[in-house]
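This report concerns only the one structure given below.
The values are calculated or read from the model by the stated rules, or taken from the named source; none is laboratory data. Owing to the predicted nature of the structure, the values given are computational and were not obtained by experimental measurement. Heads up, the Cβs are rebuilt from the backbone with ideal geometry, glycines too, and the neighbour counts pull from every protein chain shown. Quick note on the areas: whole protein, heavy atoms, side chains included, nothing else; ligands and nucleic acids left out. Shrake-Rupley method; radii C 1.70, N 1.55, O 1.52, S 1.80 Å.
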Amino acid sequence: GQAFVTQYASPQVRGAALHLERAAVFFTDRLSASIVLAMETAKQHGALVYFEPSARKDEVLFARALRASTIVKVSADRVELSDVERHALDRVTIHTLGAGGLVAAIGQRRWRVGPEPVQRLVDTCGAGDMLTVGILHHLLTLQRPFSSEDLLAGIMVGTRLAALNCSFVGARGLFLALGGDMVADGIRRNFDERFVARALLLDPFAGYRPQATRRQRA
């Protein structure tokens, strides 16, 4: 609880103790003793803990972080899925395979999800982040414990979001071009043909050109 956090954590985690206890989701792609303690505190108070490890340098901290996680997403070129699954037990694991799609697992149950077609390939930067955004967006709107069907539905939202983001420049190109409200509307409409067609009418640099224009005028 908060007393433990206050006594043992870094000043940053101590200052965030109340927020950790009230958080709906805790996301991290870094690993340190303080971050793991923050993960454990958030999980203890009911948060969905989403962990994207880029490496496993400290085995003890890595194992603690996996046990504290609700969902662990790893990239095939960074961390082996077997290294995650032997610690993650009944946690959700998502193993991204680049152009090969992904494998999602809960315990011994596995699902293979193929990649979503990209209609206008411009830039793949940020595709993994968009997958995460889509998953979290869907699961948090449920406002209840999620099932395996809910997880797969969230993965489909994330893969469609990632595919459409590849049609724009930059890791957040889709959001810069359309704005968050319009992207959320597209998710609600399940990325129907009309929404996608409207998005693809925009220039791949649409989110950046107004900023460039302001710089040129300055």
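When region 16-29 is filtered for residues that are at pLDDT below 90 and either open to solvent by 60 Å² or more (accessible area, probe 1.4 Å) or among the basic types (Lys, Arg) (or both), the ones remaining, listed by number, are 18, 19. Scanning region 51-78 for residues that are aromatic (Phe, Trp, Tyr) and modelled with pLDDT of 90 or more yields one hit, 51.
Whenever a residue of region 129-156 is aromatic (Phe, Trp, Tyr), its partners that are assigned to a helix (DSSP H, G or I) and open to solvent by less than 20 Å² (accessible area, probe 1.4 Å), lying with C-beta atoms within less than 9 angstrom and at least six residues away or across chains, give the pairs 146/139; 146/154. Here is the figure for region 39-51: residues that are open to solvent by 10 Å² or more (accessible area, probe 1.4 Å) and in contact with a helix residue (DSSP H, G or I) (Cβ under 7 Å, 6 or more places away or on another chain) total 4. Here residue 161 fulfils each of the conditions (1) over 25 Å from residue 24 (Cα atoms); (2) within 15 Å of the chain's Cα centre (by Cα) apart from (1). Out of the residues in region 143-182 that are part of a helix (DSSP H, G or I), small (Gly, Ala, Ser) and within 26 Å of residue 95 (Cα to Cα), state the one that is most open to solvent (accessible area, probe 1.4 Å). So, considering only residues that are part of a helix (DSSP H, G or I), small (Gly, Ala, Ser) and within 26 Å of residue 95 (Cα to Cα), the one most open to solvent (accessible area, probe 1.4 Å) is 153. Reported count of residues in region 102-123, each being open to solvent by 50 Å² or more (accessible area, probe 1.4 Å) and either outside any strand (DSSP E or B) or within 30 Å of residue 203 (Cβ to Cβ) (or both), is 9. Do the conditions hold for residue 185, that is, is it open to solvent by 80 Å² or more (accessible area, probe 1.4 Å) and at pLDDT 95 or above? Criteria not met by residue 185.
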